[in-house]
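Q: What follows is a structure written as structure tokens; I'll ask about it next.
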Amino acid sequence: MITASNIALSYGKRVIFKDVNIKFTPGNCYGLIGANGAGKSTFLKILSGLLDPDHGEVTKGPGQRIAMLNQDQFAFDEHTVFNTVLMGHLKLYKVMSERDALYAKADFSEEDGIRSGELEVKFGEMGGYEAEAEAAVLLNGLGIGEALLQKKMKELDGTEKVRVLLAQALFGNPDILLLDEPTNQLDIQSIKWLEHFLSRFHNTVIIVSHDRHFLNQVCTHMADIDYGKIQVYVGNYDFWYEASKLQFHQKETESKKAKAKAEELKEFIRRFSSNASKAKQATSRKKLLDKLTLDQMPVSSRKYPYIVFQPERACGDIILEVNGLSKTIEGVEVFKDLSFTVNKGDKIALVGTNSLAKTTLFQILSGEIEPDSGSFRWGVTISSAYFPKENNSYFANQDLDLISWLRQFASAKADEGFIRGFLGKMLFSGEEATKKTAVLSGGERVRCLLARMMLAQANVLLFDEPTNHLDLESITALNDGLIAYPEVVLFASHDYQFVSTVANRIIEISHDGFVDAMMSFEQYLEQQELGQDTGAGSTTQKKAA
């Protein structure tokens with residue numbers, strides 16, 4: 001159990017938390033949600049002891065251990081993968097290190113023998129003899145094979161490091177587990193493994209995540225950060241969403257009724273306060289008005305961007321034909337002989353663990369790089385808009401304000417009011433539209449790129465991990481925008497709900513080849529779990545052994 005009492009935190013005049021009182025109990029998994037900047041990661045740091053609040057305190061049970069997902073990918077570069085995982089239980093790791101150092105001594109003394117005996121007892125009590133097996137199981141479940149156990153962390157790529165750090169947080173059965181965006185850079189299989197792990201975890205879990213499906217699968221409670229406070233709801237994300245909307249509408253209705261009653265009383269007082277026959281009634285109503293409490297509707301930190309893609313024209317019969325594409329990068333074959341034809345109405349999700357393959361394909365189709373062999377052809381009626389995973393090149397000139405930045409992608413006839421209109425849809429209104437690109441957060445950059453894509457009025461949209469950096473509100477708006485979009489979409493995403501609600505066709509690119517399945521994501525996963533062929537209308541290509 002972990003309890004936060006009277007927590008308050010401000011940055012200058014900006015209040016992040018005010019008088020927060022909340023208790024997290026064992027056996028429950030809490031999803032910590034709120035808009036970008038609401039203080040989710042900050043609150044996790046307060047709970048973990050990494051950050052001191054301005055006021056209040058955090059308490060936990062005696063002897064309880066907190067584990068938190070480390071966000072620094074470079075913190076353990078000089079340690080092996082195995083040792084990095086064990087360092088999630090630092091007391092155990094220190095005991096193991098001291099024990100191993102004693103056994104490695106050439107002049108092992110009687111005193112060393114006594115000390116090693118004490119350490120062996122501690123090691124056993126902490127579960128040290130099962131540590132290697134537990135670490136291997138965690139890593140394997142997250143897609144890190146045994147061959148990497150003794151490699152140094154600096155030898156791993158970013159995706160592999162994230163998985164090792166997640167295994168580190170899960171290691172050793174912590175009493176309180178704090179996870180900040182644990183599904184980032186995980187494939188669908190690893191996310192499902194994590195869901196299963198957390199469903200069997202009996203201690204306290206607090207999670208920050210933008211993955212709605214994941215929150216629905218693992219959370220027993222939602223802790224909603226808004227209005228500078230945290231309110232706990234029993235149930236998963238979907239339950240919170242409906243309950244919070246109902247609660248807001250109830251407050252809004254009560255507020256309107258109170259305001260209407262106040263206006264009625266004021267009008268009576270204005271009309272009859274000078275009327276001698278009704279002066280007593282006017283005085284009575286004045287007392288009623290003084291007693292009437294008019295609660296101002298609090299301003300929520302949640303804001304939904306308006307994301308609607310409107311193609312200038314519909315797609316013709318020929319959209320995209322890909323024939324035998326192959327690409328090798330730095331000696332590594334990314335994909336080989338990739339072929340498919342895009343049809344009208346296709347909304348294709350590119351899935352699989354090979355994220356480099358998906359990004360490379362998007363770069364080829366957008367004209368950023370050339371394939372080694374093979375060809376592709378866009379139809380003459382097609383105009384495409386591309387959302388890249390890495391967007392630094394779009395913001396190279398950091399002296400531009402947002403109006404000037406977006407103007408680069410608009411027609412010459414577009415005036416400032418037109419540009420401001422698109423920025424306003426992306427929540428950059430008023431002075432926000434004049435801020436420099438140099439100060440944009442990751443989520444703000446994504447919203448700028450979405451505004452650019454909306455301006456393009458393209459009839460084919462290419463998205464490489466568009467939900468990265470977005471808050472739940474923006475993800476929901478983009479999700480709805482793509483469901484409503486009438487033309488063709490090719491996209492890659494690790495967001496289960498995003499893929500399952502948008503895609504009507506799945507192309508999985510792996511190191512062994514590719515599978516092209518004309519079906520929904522749910523149907524595809526069912527077929528995969530059953531080990532069946534993906535059925536009629538699908539093609540499978542495997543590399544020669």
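The values are calculated or read from the model by the stated rules, or taken from the named source; none is laboratory data. Owing to the predicted nature of the structure, the values given are computational and were not obtained by experimental measurement. Backbone-built Cβ (ideal geometry, glycine too); neighbour counts: all protein chains shown. Just so you know, the surface numbers come from the protein's heavy atoms only, side chains and all, with ligands and any DNA or RNA stripped out. Shrake-Rupley method; radii C 1.70, N 1.55, O 1.52, S 1.80 Å.
Q: Per DSSP helix of 4 or more residues, -39500 (n - 2.57); summed, then divided by the residues of the chain. What does that give at 222 nm, rounded to the nearest 500?
A: Numbers: 17 runs with 209 residues, N = 545.
Taken over the chain, the calculation gives -12000 deg cm²/dmol.
Q: What are the residues whose amide H is under 5 Å from the amide H of His55, where those residues sit 5 or more places off or on another chain and H is modelled from the backbone?
A: Ala8
Q: Now for a different question. Amide H neighbours of Phe387 under 5 Å, at least 5 residues apart or on other chains, H built in the peptide plane: list them.
A: Hits under the 5 Å cutoff: Leu462, Phe463, Asp464.
Q: Excluding ligands, DNA and RNA, what is the solvent-accessible area per residue of the chain at a probe of 1.4 Å, expressed in Å²?
A: 49
Q: Sticking with this structure for a sec: Using 7 Å Cα-to-Cβ label points, what is the Lys435/Lys280 separation (nm, one decimal)?
A: 6.1
Q: Scan around Asn28 for amide H atoms under 5 Å from its own, H built in the peptide plane at 1.01 Å from N, and keep only partners 5 or more places away or cross-chain.
A: Close amide H contacts, sequence-distant or interchain: Val205.
Q: Post the alpha-carbon centroid distance, segment 179-213 to segment 458-513, in whole angstrom.
A: Spelled out, the Cα-based centre of one part sits 20 Å from the other.
Q: Residue-wise, which Karplus ³J(HN,Hα) couplings in Hz belong to segment 67-79, taking 6.51 cos²θ - 1.76 cosθ + 1.60, θ = phi - 60°, and x for glycine or proline?
A: 10, 10, 5, 6, 9, 8, 5, 9, 5, 10, 4, 8, 9
Q: Still on this structure: Which residues among segment 316-354 fall inside the zone where the amide N is under 12 Å from a point 7 Å beyond the Cα of Arg377, along Cα→Cβ?
A: 318-323
Q: While we're here: Checking the cross-link filter: which lysines have an alpha carbon closer than 17 Å to that of Lys161, excluding same-chain neighbours under 8 positions apart?
A: Partners found: Lys151, Lys152.
Q: Still on this structure, please answer the following. What is segment 343-392 by shape, rounded, prolate or oblate, if you read a ≥ b ≥ c off the alpha carbon gyration tensor as root eigenvalues and call it rounded for a/c under 1.5, prolate for a/b larger than b/c, and oblate otherwise?
A: Rounded shape, in that the Cα axes give a/c under 1.5.
Q: How about Lys280: which lysines have a C-alpha closer than 24 Å to its C-alpha, ignoring those fewer than 8 places off in the same chain?
A: Lys259, Lys261, Lys266, Lys291
Q: Please report the antiparallel percentage of the DSSP beta bridges confined to the chain, to the nearest 5.
A: Taking every DSSP beta bridge within the chain, about 55 percent pair in antiparallel fashion.
Q: With labels modelled as points extended 7 Å from the Cα through the Cβ direction, what inter-label distance (nm, one decimal) is found for Asp337 paired with Glu242?
A: 5.0
Q: Right, next: Hey, which aspartates and glutamates would be in cross-link range of Lys256, C-alpha to C-alpha under 16 Å, not counting anything within fewer than 8 residues on its own chain?
A: Glu264, Asp295
Q: Ok, one more. Label segment 411-521 by shape, choosing from rounded, prolate and oblate, from the square roots a ≥ b ≥ c of the eigenvalues of the Cα gyration tensor; if a/c is under 1.5 it is rounded, and otherwise prolate applies when a/b is larger than b/c, oblate when it is not.
A: prolate
Q: Rounded to the nearest 0.05, what FRET efficiency do Asp399 and Gln150 give with R0 = 41 Å and r taken as the Cβ-Cβ distance? Could you check?
A: That gives a FRET efficiency of 0.30.
Q: A further question follows. Can you tell me how the chain classifies by the Cα gyration tensor, rounded, prolate or oblate, using a/c under 1.5 as the rounded cut?
A: oblate
Q: Roughly how big is the chain's charge dipole about its Cα centre, with Cβ charges of +1 (Lys, Arg) and -1 (Asp, Glu), in debye to the nearest 20? All intermediate terms of the calculation are to be shown ahead of the outcome.
A: Details: 60 positive and 72 negative charges, 739 e Å.
Here the chain has a charge dipole of around 3560 debye.
Q: Distance cut-off 18 Å, Cα to Cα: go down the list Lys192/Lys336; Lys18/Lys45; Lys45/Lys229 and report the pairs above it.
A: Where the Cα-Cα span goes over 18 Å, the pairs concerned are Lys192/Lys336.
Q: If you average the alpha carbon positions of segment 256-276 and of segment 50-96, how far apart do those two centres end up, in angstrom?
A: Value for the Cα centre distance between the two parts: 62 Å.
Q: I would also like to ask the following. If you roll a 1.4 angstrom probe over the protein chains with everything in place, what fraction of the accessible area of segment 191-282 belongs to carbon and sulfur, to the nearest %?
A: Summing carbon and sulfur atoms, their accessible area is 54 percent of the total for segment 191-282.
Q: Can you sort Glu110, Glu368, Glu529 by 1.4 Å-probe accessible area, starting with the largest?
A: Result of the area sort, largest leading: Glu110, Glu529, Glu368.
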